[in-house]
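To keep things clear, I will list the structure first and then write my remarks on it.
The values are calculated or read from the model by the stated rules, or taken from the named source; none is laboratory data. Quantities reported herein were computed from a predicted structural model and do not represent experimental measurements. Cβ atoms come from the backbone with ideal geometry, glycine included; neighbour counts cover every protein chain shown. We work out accessible area using only protein heavy atoms, side chains counted, and drop any ligands, DNA or RNA first. Shrake-Rupley method; radii C 1.70, N 1.55, O 1.52, S 1.80 Å.
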Amino acid sequence: MSPSITPSHEVIILGTGNATVTSCYNTCFILRNPQGHMLLVDAGGGNGILRQLQDAAVRWEDIHDLYVTHAHTDHILGVVWLLRMALQYRQPTPFRVYSHRKVLDILTYLCQQLLPAKQSSGLGSAVEFHEVVDGSTFIVDDMHFDCFDIHSTKERQFGFSATLSSGIRLVCLGDEPYSEENEHYVRGADWLMSEAFCLYADRDRFQPYKKHHSTVIDAARLAESLQVPHLILYHTEDKTLDTRRERYTAEATSVYHGHVIVPDDLERIPLDGAQSSQ
């Protein structure tokens, strides 16, 4: 008899790319618990989110909670397509969107302007908007979320620290560099999800610092200094996909002694520390 396998909380990576990628999807992911409850984080820049969910074998109807980090096009425009589905095919459970006021106001405006009135009238019932501010909390089944302002210098943006029923803590920093004001959210977490626009070795080619983004080595040094044992790198360029995993891992591990994951689109990462899978 084969040994039983205990289901794990997992991250389902739907997209790994930055705003201008064409060879992969924009950065977004699902945090899923063993019972099947999910939080979708961002939705990319268009209706490609529906294809990514299909390819990940996730039904949009099974997602009831969405966290939107900020209002940049590569994070928010895919949300409109999910709201269209939720408003057109109304489900018994409302579709809940968590974000800060600007994002919620933009989504309200887009739905009212782009969707038929019969659909947009479902805002507030079929779709619920929940405003988050610095320090807000919410719960999705057994997953507890603490929201924090990342103190962006470009566009107001929120990350979160998720505490799971297993005791594991995962932190999402959004897609801009870490601010020391959020150290108490990040230090000692089990998992850190950090943007890594490109290799430090490729900084002259991709100009990450001019765009207020981090490199691989920046993210790795952060995880090392804040004693985070597992690091997931995302929101990258797409010009080096063939070598991305190998080269990003090598640069990260030159300064970081923990476990590095450089995922591809549609990869699943079990949060018990097991090997990720596609």
Task: Where the Cα pairs of the stretch 1-158 fall when distances are cut into 5 Å bins, in % - done: 2, 9, 18, 22, 21, 16, 8, 2, 2, 1, 0, 0
Task: Per-residue HN-Hα couplings for the stretch 91-97 [Karplus 6.51, -1.76, 1.60; θ = phi - 60°; Hz; x = Gly/Pro] - done: 9, x, 9, x, 8, 9, 10
Task: Distant alpha-carbon pairs in the stretch 56-148 (separation over 22 angstrom), percent - done: 25
TODO: Considering the convex hull of the alpha carbon atoms of the chain, report its projected area averaged over all viewing directions, in nm², one decimal.
DONE: 14.9
TODO: List, in order, the whole-Hz ³J(HN,Hα) value for each residue of the stretch 189-197 obtained from phi through the Karplus relation with A = 6.51, B = -1.76, C = 1.60 and θ = phi - 60°; use x for Gly and Pro.
DONE: 5, 7, 10, 10, 9, 10, 5, 8, 4
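Would the stretch 126-223 count as rounded, prolate or oblate if I go by the C-alpha gyration tensor, calling it rounded below 1.5 in a/c and otherwise prolate when a/b exceeds b/c, oblate otherwise?
Numbers: a/c = 2.38, a/b = 1.63, b/c = 1.46.
The shape class here is prolate.
Can you work out the accessible area per residue across the stretch 1-158, with the rest of the protein chains kept in place, probe 1.4 Å, in square angstrom? Working shown, then result.
Working: 7010 Å² over 158 residues.
Heavy-atom accessible area per residue stands at 44 Å².
Given an 8 Å cut-off on Cα distances and at least 6 residues of separation, report the relative contact order of the chain as a percent. Each step should come with its number before you reach the end.
On the way: 599 pairs, mean separation 48.5, N = 278.
Dividing the mean separation by the residue count of the chain yields 17 percent.
Distance check, please: which entries in K118/K239; K118/K211; K154/K239 exceed 31 angstrom between their Cα atoms?
Details: K118/K239 43 Å; K118/K211 41 Å; K154/K239 25 Å.
Violating the 31 Å Cα-Cα cut-off are K118/K239; K118/K211.
Rg to Rh ratio, the stretch 1-62, alpha-carbon atoms and Kirkwood radius? Before the final figure, lay out the partial values.
Working: Rg = 13.7 Å, Rh = 12.7 Å.
Across the stretch 1-62, the Cα-based Rg/Rh ratio is 1.07.
If you wrap a convex hull around the C-alpha atoms of the stretch 40-92 and split its volume per residue, what is the figure in Å³? Provide the component values of the computation, followed by the final result.
Numbers: hull volume 3.7 nm³, N = 53.
Once divided by residue count, the hull of the stretch 40-92 is 69 Å³.
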Open item on the list: Output needed: percent of Cα pairs per 5 Å distance bin for the stretch 160-207, bins running from 0 to the one holding the longest distance.
Closed with: 5, 20, 24, 18, 13, 12, 6, 2, 1
TODO: Using +1 at the Cβ of each Lys and Arg and -1 at the Cβ of each Asp and Glu in the stretch 1-145, identify which of F138, V103, G48 lies farthest towards the dipole's positive end.
DONE: G48
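As an exercise, find the ratio Rg/Rh for the stretch 151-278 from alpha-carbon atoms, using the Kirkwood inverse-distance average for Rh. Provide the component values of the computation, followed by the final result.
Details: Rg = 13.9 Å, Rh = 14.8 Å.
Ratio of gyration radius to Kirkwood radius: 0.94.
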Task: Residue of T236, T215, T73 that the Gaussian network model of the chain assigns the largest fluctuation, springs spanning Cα pairs under 10 Å - done: T73
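Per DSSP H run of n ≥ 4, the term is -39500 (n - 2.57); total these for the chain, divide by its residue number, and report the mean residue ellipticity at 222 nm rounded to 500 deg cm²/dmol.
Details: 8 runs with 73 residues, N = 278.
Counting only the DSSP helices, I get -7500 deg cm²/dmol.
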Open item on the list: If the only charges are +1 at each Lys and Arg Cβ and -1 at each Asp and Glu Cβ, what is the size of the charge dipole of the stretch 105-232 around the Cα centre, to the nearest 20 debye?
Closed with: 400
- [ ] Could you work out which residue, out of I168, I76, I12, moves most in a Gaussian network model of the chain, that is, has the largest mean-square fluctuation with Cα springs under 10 Å?
- [x] I168
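Run the dipole for the stretch 1-154 about the Cα centre, Lys and Arg Cβ at +1, Asp and Glu Cβ at -1, nothing else charged, and hand back the magnitude in debye, nearest 20. Working shown, then result.
Working: 10 positive and 15 negative charges, 110 e Å.
Around 520 debye, computed over the stretch 1-154.
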Task: Fluctuation leader among A162, A189, A201 - the chain, Gaussian network, Cα springs under 10 angstrom - done: A201
Task: Dipole in debye (nearest 20) - the chain, about Cα centre, beta carbon charges: Lys, Arg +1; Asp, Glu -1 - done: 620
Open item on the list: Rounded to the nearest 5, what % of DSSP beta bridges with both residues in the chain are antiparallel?
Closed with: 50
TODO: Of the options T153, I168, A196, report the single residue whose Cα projects farthest towards the positive end of the charge dipole of the stretch 143-201 (beta-carbon charges: Lys, Arg +1; Asp, Glu -1).
DONE: I168
